[in-house]
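Only one structure is covered here, and it is reproduced in the block below.
Where a number appears in this text, it was derived from the coordinates with a stated rule and is not lab data. Bear in mind the structure is a predicted one, so any value in this text is a computation, not a measurement. Counting neighbours? That spans all protein chains shown, and the Cβs are built from the backbone with ideal geometry, glycine included.
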Amino acid sequence: MAKMKVLVELQGAAPQRQAFELFAAMTQSVMDMEREASALLAPAAGLGVEIDEQSCPVPLLGAVAVGTSVASALAAFATPTTNPDMSLETIVVPCEVDRSKVDELRSRPGVTVWPNSPLTLCQQGSGENAAFEEAHTLDLARSAAGLDCRPYRAGVPIATIRELLGVQRVWDDGFRGQNIIVGVIDEGVNGNAYPVVGGFSRPEAGQRWGTAPVTSHGSMCAADILVAAPAARLYDYPFLGVPNSGGALTMFQAVLDQRRRDGTPQLTNNSYGFVGVPDQNLWPNHEVWDINHPLHRKIREVTASGAACFFAAGNCGQNCPSGNCDPSGIGPGRSIHGSNSLVEVITVAAVNSQNERVGYSSQGPGMFEPNKPDIGSYTHFFGNFGPGRPGGTAQPFDNGTSAATPVAAGVGALLLSAFNDLAPEQLKALLMETSTEIGSPGWDTEYGQGVINAAAAYISRVRRGGAIA
Amino acid sequence: MRWLITTDRSLNLSELEGILRKYNCEIVEGSEPIPLNTTEQVIEVEGPEDLPSLARQEKDLPKISPSSKMELYR
């Protein structure tokens, strides 16, 4: 005979037991559960009712109506103290019973039979469309302070960031970053997980381009570029060992050399910098003080060659600075410096998916160009890191202004795939003019001009008659 | 510590190495001169912390800049 799963609700069962005590006893072992459930099912004797061993009987506390004692007792659960156990009114036992016996079971005194219907996990399939469905969990409730500090809010899926950026509007017109190559100057990108098509490595370097682990910082940047520009390709410029300005200088020269040969990469991502400000009297030629340091000069050459350079603002904001930050480099006016504060580059601050500034995001004014950062962009999402992502859960989610910057660079790549005549200063102006204003009106030291908005930038350029590639 | 030395592009590497030796300084292995413009180049060297003051009068080393360590903004 075909059996069906049902929920059998029993009145007046186990009157001697308290509800939570009974439930606890039954969840501790299957044998105890079966013994208790068999006793509870006495009213169903003789009908071949079998207990569902995968489930557990659940006490119900009775109708919860305003003003009843049960409601008052439950309301007290909101307090941080342990509340007393409660009496149970009925108990529900998941069972299997022959279909032919269901009516007879219903007729037994004190027994109510409920369906126990199968449920379906709301699981997303793979692929872009499924990812977009996930994004509808958007929660844009911004806290009163507009600040996200430790413990940080939870990460969100890439789809949510794409939704916030409005990239679908650009994708709908056929632009997804194709024909654009982004140079990633970092600790190296994994070329198996991400579309690395070239790069530069010093001959003596132990690490060739494209061979970094998928958990590398550079791989995170790669993932984040592809958020907005999934068809973009990458050049990998790995630092050899500890990053220093000499290494960066070499990589920018390699960028310039490549551009000289074929006009690529069209932009670079730079999620690194300094974390302190040395005494100017002792170190007048330090990168944070000398605007004509060779590294800064080389970066100006690269931007002059037509490649936009996206730089992270840094993680030394005053609210929750990174542990790497020296006290000399924390907070407004002290935390955006070196190449990251050059007027020629695009300096990116970090916000979460609710447009709250993450507390470590460095604050302007910049030490070279005062009006820094230029724009805000998104961090704290499952890009390279997170459940099911290439980098796994080595980190809970992509983070830092390090993640926000390649998201912005990806938007830059997206726009350049549509408007390939945009010079770096035009791209920067477009991103700033069309950003979503957060914080104080106009430019401010925390978000710059506002939070990056790909759809707004694209539409603005189209309306102004920008030549589409 | 590491320094970035800006020199005239007409100065060849062996000449530069000779000058650097006077200051207990040497070119970082694998480092090559990087052109800055038609007349200047820059190269990474390893030398003493007081190199700028030691070489202040050295006309072939017109600019000495630190090659400071940086951090990835993770």
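Here are some notes:
- Shown here: the range A:242-316, whose C-alpha atoms stretch 43, 24, 22 Å along the first, second and third principal axes, sorted largest to smallest.
- Bridgeable lysines around A:Lys5 (alpha carbons under 24 Å apart, same-chain partners fewer than 8 residues away excluded): A:Lys101.
- Near A:Thr211, the amide H atoms lying under 5 Å from its own belong to A:Val189, A:Gly191; only residues 5 or more places off or on other chains count, and H is placed 1.01 Å from N.
- Prolate/oblate/rounded call for the range A:386-469, Cα gyration tensor, a/c under 1.5 rounded: oblate
- 14 Å beta-carbon shell around A:Trp443, net charge (K/R +1, D/E -1): -4
- Size descriptors for chain B, from the alpha-carbon set: Rg then Dmax equal 12.3, 41 Å.
- Helix A:19-28 axis versus longest C-alpha principal axis of chain A: approximately 70°, rounded to the nearest ten.
- For the Cα trace of the range A:1-62, dividing Rg by the Kirkwood Rh returns an Rg/Rh value of 0.95.
- Ascending count of other beta-carbon atoms within 10 Å, so fewest first, for B:Leu13, A:Leu414, A:Leu164, A:Leu240: B:Leu13, A:Leu240, A:Leu164, A:Leu414
- For A:Ser216, A:Ser117, the sequence from fewest to most other C-beta atoms within 10 Å is A:Ser117, A:Ser216.
- In degrees, nearest ten, helix A:401-418 long axis to first principal axis of chain A (Cα): 70
- Tensor-based shape of the range A:283-328 (alpha-carbon gyration tensor, a/c under 1.5 rounded, otherwise prolate or oblate): oblate
- Given charges at Cβ of Lys, Arg, Asp, Glu: the protein assembly as shown dipole, positive-most of A:Ala307, A:Thr112, A:Pro157: A:Ala307
- Per-selection metrics, the protein assembly as shown (Cα): Rg and Dmax in Å: 31.6, 107
- Distance in nm between pseudo-label sites at A:Gln11 and A:Val462 (7 Å out along the Cβ direction from Cα): 6.5
- Gyration tensor (alpha-carbon) shape descriptor, the range A:259-410, a/c threshold 1.5: oblate
- Per-residue 3J(HN,Hα) values for the range B:14-28, derived from phi via the Karplus relation 6.51 cos²θ - 1.76 cosθ + 1.60 with θ = phi - 60°, read 5, 4, 5, 4, x, 5, 4, 4, 4, 10, 6, 9, 9, 5, 5 Hz in sequence order (x marks Gly and Pro).
- Taking only Cα atoms of the range A:157-259, radius of gyration then Dmax in Å: 14.6, 45
- FRET efficiency for the pair A:Gln426 and A:Gln178, taken as 1/(1 + (r/R0)^6) with r the Cβ-Cβ distance and R0 = 25 Å, rounds to 0.80.
- Residues A:Ile51, A:Ile299, B:Ile27, arranged from fewest to most other Cβ atoms within 10 angstrom of their Cβ, appear as B:Ile27, A:Ile51, A:Ile299.
- Between helix A:30-40 and chain A there is an angle of about 40 degrees, using the helix long axis and the longest principal axis of the Cα atoms.
- P(r) for the range A:199-292, from all Cα pairs and a bin width of 10 Å, is 13, 40, 32, 13, 1 %, short bins first.
- Separation in nanometres of the label points that stand 7 Å from Cα toward Cβ, at A:Ala154 and A:Asn324: 2.9
- For the Cα trace of the range A:135-214, dividing Rg by the Kirkwood Rh returns an Rg/Rh value of 1.10.
- Reach of B:Lys63 by Cα under 30 Å, taken over lysines that are not fewer than 8 positions away in the same chain: A:Lys298, A:Lys372, B:Lys22
- With 0.36 nm allotted per residue and the present C-alpha distance subtracted, the A:Trp114-A:Val242 stretch has 39.5 nm of extension available.
- Between the C-alpha center of the range B:29-50 and that of the range A:399-468 there is a gap of 35 Å.
- Equivalent ellipsoid dimensions for the range A:294-371 as semi-axes, Å, which come from the Cα gyration tensor, largest first: 23, 14, 9
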